[in-house]
1. Among ILE690, ILE680, ILE712, which is in contact with a helix residue (DSSP H, G or I) (Cβ under 8 Å, 6 or more places away or on another chain), under 17 Å from CYS641 (Cα atoms) and outside any loop (DSSP other than H, G, I, E, B)?
2. Take the residues in the range 232-258 that are farther than 24 Å from TYR52 by Cα and either among the polar types (S, T, N, Q) or buried (at least 24 other Cβ atoms within 10 Å of the Cβ) (or both), then tell me which one is farthest from the chain's Cα centre (by Cα).
3. Looking at the range 349-365, can you tell me whether even one residue there is within 30 Å of ASN637 (Cβ to Cβ) and at pLDDT below 75?
4. Considering only residues that are over 27 Å from VAL511 (Cβ atoms) and either in a strand (DSSP E or B) or modelled with pLDDT of 60 or more (or both), which ones fall in the range 584-614?
5. Could you grab me the full set of residues in the range 136-167 that are surrounded by fewer than 19 Cβ atoms within 10 Å (Cβ to Cβ) and of a type outside the set (S, T, N, Q)?
6. What number of residues within the range 639-698 are of a type in the set (Gly, Ala, Ser) and over 59 Å from the mean Cα position of the chain (by Cα)?
7. Within the set of pairs 6+ apart or on separate chains, which have a first residue in the range 137-159 that is touching a residue at least 40 places away in the same chain (Cβ under 8 Å), a second that is among the small types (Gly, Ala, Ser) and crowded, with 20+ Cβ neighbours inside 10 Å, and C-beta atoms under 7 Å apart?
Amino acid sequence: MKRILLFLLFFSGFFVFAQERDIAQDSLGPYRDFTFTELEESADIYYNRGDYQNSLRLNITLLKKALAEQNNYFIHQGYRNLGYDYLALRDTTLARESFQKATAYAKRTKNDTVAALTYMDLANLYSEIDSNNTKAFVYHDRSIEAFEQLKDSAGLADAHFNAIITALEAKNFQKAYYHILNARKLNEFKKHHFNHVGLDILTGEYYLAKENYVLADSYLQNAIAAAEEEQLPAEAESAYLALSKSLFAQDRFKEAYQARAKYATFLETNLRNINEANSETVSAKFQLSEYKKDVENAELKNQIQAEIVTNKSKLNTILIIVTACFLIVVIGLFVAFWKRKKLIGRLRTKNWEYLNAKKEAEKLALAKSNFFSTVSHELRTPLYGVIGLSTILLEDESLKNHEDDLKSLKFSADYLLALINDVLQLNKIDSKKLEEELSVFNVKRLVQTIVSSFEYMRLQNGNTILVSIGDNTPTSLRGYSVRLSQILMNLIGNACKFTENGEIHILVETVKKRQDSVTLLFQVKDTGIGIAEDKQESVFDEFSQVESQTYHQQGTGLGLPIVRKLLELSNSTIRLESELGVGSIFSFEIQYEIADISTAKEEPFHLDVQLLSGKSILVVEDNRINQIVTRKILEKNEMRCTLAENGQEGVTAVKQGDFDLVLMDINMPVMDGIEATKEIRKFNNSTPIIALTAVEVAEMRHEIYRAGMKDIIVKPYDVKKFNQTILKNLSASDGQNASLRAISS
């Protein structure tokens, strides 16, 4: 019973649809038995003869038939033909609407020929409504390209023909001639194609515009003969109009008048046809709209009948699907809950492990920091003795025979000190303990000072160092000058080390300048051994060295990693260009504030070392070797030196004696330098106390100054800077500023 009911429902639905289709077929009237092709060809004949009224009727009939049978190709053709009818009737609004619908159905056909025709239709539409014809030419080109790919000579001829019309309207005669040549070549084998008349007219109009009246008259008269023979009033009208213009331009006024009269006759006929067609345009549009509603209603009824048949089956299917989905969701929630519980347990374990690992890492980091601080003091203290004694012995004239050995000794000590400083510098950067202060500095003097410190190495390797500072580089800058010095010293030292009998160029120039800031480009270029391309990335890794079988210098492999990390702190990067055996260029950019010249600090003064003669200096130092070194340096400049073994002895000595200055070591037994200074300041605030320390200054600076010390000397130290520091503090204490002579450092 159920199956019989379903069959009856289906049959009744089918019967309704068949009945609606028969009604639609009956509405086609006398054209009901015409095929699509017959309707389309008949409409084309009427259109070409200017009978737009009958063309409209046939195209609407074609569209009704196509809609009834849901034939997308001929629905497209029907709307397309209507578009051209409306263009001929000067109704661009309806034409645009028809072409848009034709384009929509063209996409459904998935037919390459239909797509090519759509491009051509859009080109013709935009030729009418777009004054500059830009879009029209774009679609003409697409249409021609599509027909070429399809190898459709007839379609290609039509595409070139339509492009000629647009080009002549745009007065683009070069483009028009190009399309004329192509169209005539393609029409040569289709003499009876209707476009051959129009093509002669367009060719005549082209030569008329070019003032070649002989050729213009020839093509136009051929077109007139063919148009009258084939009863093409629109073409005859256009040909007679162009011919009258050509004859008039040749001063053949009588013939021009006769051609103009013929033009007027055909114009009257064509206008009458257009008016008759226009009178039916609104009615035709209404009929088409009503018919489309009928078709849509029939489709809707058919869908309702089909839904009645399948409704119960769908309902059952939906219930099954919903039940299955519900079961899946329940199972999924249960599994998710179980997994979540296990995941939470694992996360708790991981968090506990992470916290323990974090605490352990913090302990290791603290231990590492303390280790490096201890190593700093323990290694620098003996190095102070080695470097100091070797410096003193080098100045002893009686030891000239051992000068080379002493230089080797000092070089080894200096090399070891540089390695220690590099390792400590990396440790401070990695542990984020690098403390720097912003300062105002002169970049030109800073670079020259750094270059002068490499004078010995420059002479040893036979190099020339050239410095170039851009003229537009500001005089005073504000930034991290110590950081810049460390970067340049590493790069220049690298260049000096791996270059022999060559040139080293240091360049500073402005790349971007604003009112209150400037970006400087620094370049260090050398003509040294260079770096192979496959090694250029690895040289910035810690403890990585450039390998060379022909070069005797070796480095610690820490200079360039330090440079890279210091530049990262300045939001910059190091760039390297190098060629093996040619040289290397290291460059980077850093932004600085432009400082007011009035705020810049005065340049340091060099002091007259003769002022040291006779000064009484107390040295509080527990290391015997360091005592000897310090005493010899002081006595060399004719100063009186008194020694104290620890801080307690130093306090007692200051109470009992009269000293011009105290050199106070920081780390000592019994009483360290910090505590000793605090005790001395309780009864003596005038005597300058200078700290001697092998510990990194940044780690103790604030504590040293709070204790009451005036300055700091880091061990091992440069003898020249050692003396200058003592002189500066003695002069400040005695008020002997008149003895200062200011020269550039």
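The values are calculated or read from the model by the stated rules, or taken from the named source; none is laboratory data. This structure is a prediction, so every number in the text was calculated from the model and none was measured. We place every Cβ from the backbone using ideal geometry, glycine too, and count neighbours over all the protein chains shown.
1. ILE690
2. GLN258
3. Within the range 349-365, none of the residues are within 30 Å of ASN637 (Cβ to Cβ) and at pLDDT below 75.
4. HIS606, ASP608, VAL609, GLN610, LEU611, LEU612, SER613, GLY614
5. Passing the criteria: VAL138, ASP141, ARG142, GLU145, GLU148, LEU150, LYS151, ASP152, ALA154.
6. Number of matching residues: 7.
7. If the second residue must be among the small types (Gly, Ala, Ser) and crowded, with 20+ Cβ neighbours inside 10 Å, the pairs left are GLY155/ALA116; ALA159/SER143.
For every residue, the table says whether it meets (1) surrounded by fewer than 21 Cβ atoms within 10 Å (Cβ to Cβ); (2) modelled with pLDDT of 85 or more; (3) of a type in the set (Lys, Arg).
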| site | (1), (2), (3) |
| --- | --- |
| ARG478 | yes, yes, yes |
| MET489 | yes, no, no |
| GLU500 | yes, yes, no |
| GLU503 | yes, yes, no |
| LEU507 | yes, yes, no |
| LYS513 | yes, yes, yes |
| LEU520 | no, yes, no |
| ALA532 | yes, no, no |
